Every structure is written in structure tokens, then in C-alpha cells.
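*Asks:* So that we are looking at the same thing, I have put the structure below in C-alpha cells.
The values are calculated or read from the model by the stated rules, or taken from the named source; none is laboratory data. For clarity, every value in this text was computed on a predicted model and none was experimentally measured. In this analysis, Cβ positions are derived from the backbone assuming ideal geometry, glycine residues included, and neighbour counts consider all displayed protein chains.
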Amino acid sequence: MMNRLILLVFLFSFLACKSNDGSNGNDGIKRNKAANDIEENIYRSADSMMTAFKRQDWQTFASYNHPAMMRMMGGAENFVFFIKEQMKHIPDTAIKVMAAGNILQVVKTETDHQCVLEQHMHMLLEGININTTTYLVGESVDEGKNWTFFDASSNGLVTPKDIKPNLSNELNIPAQKKEVKQLQ
């Protein structure tokens, strides 16, 4: 049960991917230009993950999620099933924008490359306007070519080190930013 609760919290960080505007993974959010091939690959992987979510291509979406998330859910098949079930409860019109923002940091460790990436979401649900910036941790085990991600927002249930015990201490993960306004 705890694993499902952890995934649910994680899933909500990606919910805005369900944007109904048909745009690419960037959704018009301005971001810094990639400084090198590794940053290009981070943006490519993040945008591909978000596009897969928008298209409800759950197998592809799962492939961009950190392997520890798959293990916590009992494998990719269970991960995909859980996402499908949760998404049945989210109106298609609720998510207005979801996009990868700026890459804040990239660190090379002995075993992998790691990064911190902004994720912006705008949601309108039942007269409440929600703007959120969360932070994803990305990992590449192939010299920065391909990346998987997980939400690093501290939610009290799970910490980034719970998901990735060898997370670099050099990474600086900002606190989530959230603005909630009741519309009149």
C-alpha cells in the first residue's frame, strides 16, 4: 500500500503532461538552450516522456521513469496499470500546461550522470487555478545519452535518497513552488 501511495504522489508531479493543447513537451515554457549534447539529451528524454504521457502511451512513459519506481510498484506492468487507473479520475481539460523547464544542474558521478530539471505545471480544477514548479532528478547510466526521471519534491512520504540511495550529495534540489488561487 505504501508503494502505491508513493507512486500516486510521484504521478501527480507528471499529471500536467495530460495537457489537452496538443503541443510538444515544452508547452511554450521558455527554457535555457542546451549547452552541450548531454543537456540536449536531457531535454529530449524529458520531452519524450511528457509526450508519451499526453498520448497515453503508458509503456513509453514508463520507460522514462526511474527503474526504482518500477521496482517499487512491482514491475513495469503494475506501474502502467496503476497509472491507467489513476488517470481515469483526472479530467482531460484540467491540465493546461506541463513542461520541462531549465536544467539546473548536471553532475557526473563514478557510476552515472545525474541532473536536476524544473517541471512546470498549470492546472485548472473546479474553479481553482494551480501553478506548480517541481523538480525532477534525472539519471543516465550511458554517459548522458538516455535519461530516466523521478520527482524529487519532498512530500514527507519519500525522499529522493529513498528512490536513489546513491544520489549525489552535490545535487541541490530546490523546494517545490506552488501557487493556488480560487477563481471568482
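*Asks:* Among residues belonging to segment 142-161 that are surrounded by 13 or more Cβ atoms within 10 Å (Cβ to Cβ) and out of contact with any helix residue (DSSP H, G or I) (no Cβ under 7 Å at 6 or more places or on another chain), point out the one that is farthest from Asn65 (Cα to Cα).
*Replies:* Ser154
*Asks:* Do you know which of the residues in segment 89-128 that are acidic (Asp, Glu) and crowded, with 16+ Cβ neighbours inside 10 Å is modelled with the lowest pLDDT?
*Replies:* The selected residue is Glu118.
*Asks:* Take segment 39-63 and flag every residue that is in a loop (DSSP other than H, G, I, E, B) and at pLDDT below 90.
*Replies:* Arg55, Gln56
*Asks:* Something else now. Only one of these is acidic (Asp, Glu) and crowded, with 20+ Cβ neighbours inside 10 Å: Glu139, Glu179. Name it.
*Replies:* Of the residues listed, the single one that is acidic (Asp, Glu) and crowded, with 20+ Cβ neighbours inside 10 Å is Glu139.
*Asks:* Could you list, in sequence order, all residues of segment 32-70 that are among the aliphatic types (A, V, I, L, M) and under 22 Å from Val107 (Cβ atoms)?
*Replies:* Scanning segment 32-70 gives Ala34, Ala35, Ile38, Ile42, Ala46, Met49, Ala68, Met69.
*Asks:* Scanning for something without any contact (Cβ under 8 Å) to a residue 60 or more places away in the chain and part of a strand (DSSP E or B), does segment 91-108 turn up at least one residue?
*Replies:* Looking through segment 91-108, at least one residue is without any contact (Cβ under 8 Å) to a residue 60 or more places away in the chain and part of a strand (DSSP E or B).
Condition check ((1) in contact (Cβ under 8 Å) with a residue 24 or more places away in the chain; (2) part of a loop (DSSP other than H, G, I, E, B); (3) among the small types (Gly, Ala, Ser)) across all residues:
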residue	(1), (2), (3)
Thr134	yes, no, no
Val137	yes, no, no
Gly144	yes, yes, yes
Phe150	yes, no, no
Leu157	yes, yes, no
Asn169	no, yes, no
Pro174	yes, yes, no
Lys178	yes, no, no
Gln184	no, yes, no
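*Asks:* Continuing with the same structure: For residues that are surrounded by fewer than 18 Cβ atoms within 10 Å (Cβ to Cβ) and in a helix (DSSP H, G or I), scanning just segment 4-38, find the one that is modelled with the highest pLDDT.
*Replies:* Among residues in segment 4-38 that are surrounded by fewer than 18 Cβ atoms within 10 Å (Cβ to Cβ) and in a helix (DSSP H, G or I), the one modelled with the highest pLDDT is Asp37.
*Asks:* Among the listed residues Asn65, Asn102, identify the single one that is polar (S, T, N, Q), in contact with an Asp or Glu (Cβ under 7 Å, 6 or more places away or on another chain) and within 23 Å of Lys177 (Cα to Cα).
*Replies:* Only one candidate passes the filter, namely Asn102.
Listed here are the residues, each with its yes/no results for (1) within 23 Å of Ile95 (Cα to Cα); (2) in contact (Cβ under 8 Å) with a residue 40 or more places away in the chain; (3) not small (Gly, Ala, Ser).
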position: Glu40; (1), (2), (3): no, no, yes
position: Asp47; (1), (2), (3): yes, yes, yes
position: Ala52; (1), (2), (3): yes, no, no
position: Trp58; (1), (2), (3): yes, no, yes
position: Tyr64; (1), (2), (3): yes, yes, yes
position: Pro67; (1), (2), (3): no, yes, yes
position: Phe79; (1), (2), (3): yes, yes, yes
